[in-house]
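Contents: one structure, followed by commentary.
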Amino acid sequence: MSFRAFEKELPDVYILAIHADRVMHFDHVIALGHLQEMGRLLVNKILMNEQSNVKRTEPLSLLEELMNIEILPDPFLAALKKLEYLDKRESDMLIKPDEIKKLFYNMFDLTSWYFKTYIDDQFTPPPMLLKPQDTALNIILNDEHQASERKSNIHIDNKIVKGIWEDGIEGEQYMELEGSESFQGQVCNGVKSGKGVYRWSDGTKYTGQWHLDTEYGFGIKEYANGDRYQGEWKEGLFHGNGVYEWHDGTRFEGKWEDNMEHGFGIRTYTDGTVQRGFWTYGELIFTEDQLGEGKETITGGNDD
């Protein structure tokens, strides 16, 4: 990825770019969130380098200050404004994927400008390339050649299972596993790695990214009971930004860690009640109103 040129000097920007690039194909709204954080980070860095004495911390106030010092080219200011005015809470139908991809390119150009202006005036940016984005996770087989088969043992969910490779190449394959389970996707050194779809015997299905045989990156898991999680994963657990929808209609959108709500989030109940606040490992600690008013923490329990 072209942002790798900034990894050493701007690791925080580089990490946000990786996250945005990783999820853009699956969920452009989550990618928008990463790009917004990237834009705000760069605005702060520019103001610090310009030794601007800013007392307010709101993103729009910082952007206004940046406009006042008249250092940033107009196209970059326009991109930063657009990032701030796009609302992640809007329907994803109102936020076009192509628009997010264009903003990704804008952030690359802005990062290159920052790098050349404040770090290395001899810097020449590399060509901007997004990682390849497959339009589907399906396997593309060459119809001109008959597929061969071979049996092999691989590790799935910490157990050894027997599978059949349809064409004998451990790349993108479809395998039917014991217990009416199946995996279709990329495999490296005998473990799931890359993009793939796994179906469990009870009907649960995971579609997304894998690393070392576990869900890692961005993915969607649809459970047999009707629950659904869409978001970021780490080592097989919900980790990062994500949305969990229970089969009864309850919904939580926000931060996750180790499969539990952790950070700011919005929980919506079936009766229309909405809780906005901060969670710590599944427990609501502050509501948004309490945080603003400086009230005592709540634990979610009732006083005796």
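No value in this document is a laboratory result; all are computed from the given coordinates. None of the values given here were measured: they were computed from a predicted structure. Cβ sites come from the backbone with ideal geometry, for glycine too, and all protein chains shown count toward neighbours.
Please list, in chain and number order, the residues 5+ apart from Phe264 or on another chain whose amide H is under 5 Å from its amide H, with Hs placed from the backbone.
Distant-sequence amide H within range of Phe264: Lys255, Trp279.
At a 10 Å Cβ-Cβ cut-off, how would you order Phe252, Phe104, fewest neighbours first?
Result, fewest neighbours first: Phe252, Phe104.
In which sequence would Ile46, Ile266, Ile220, Ile30 go, from the one with the fewest C-beta neighbours within 10 Å to the one with the most?
Neighbour counts put them in this order, fewest first: Ile266, Ile220, Ile46, Ile30.
Starting from the amide H of Leu177, placed 1.01 Å from N in the peptide plane, find each other amide H under 5 Å away whose residue is 5 or more places distant or on another chain.
Under 5 Å from the amide H of Leu177 lie the amide H atoms of Ser182, Phe183, each far enough along the sequence or on another chain.
Kindly write out, for the range 193-199 in residue order, the coupling ³J(HN,Hα) from the Karplus curve 6.51 cos²θ - 1.76 cosθ + 1.60 (θ = phi - 60°), rounded to whole Hz, with x marking Gly and Pro.
Coupling constants for the range 193-199: 7, x, 9, x, 10, 10, 10 Hz.
Scan around Phe238 for amide H atoms under 5 Å from its own, H built in the peptide plane at 1.01 Å from N, and keep only partners 5 or more places away or cross-chain.
Asn259
In sequence order, what are the phi-derived ³J(HN,Hα) couplings for the range 58-69 according to the Karplus relation 6.51 cos²θ - 1.76 cosθ + 1.60 with θ = phi - 60°, rounded to whole Hz, with x for glycine and proline?
5, x, 5, 5, 5, 5, 5, 5, 5, 5, 5, 7
Strictly greater than 17 Å: what percent of every Cα pair in the range 178-236 meets that?
Distances greater than 17 Å cover 35 percent of the Cα pairs.
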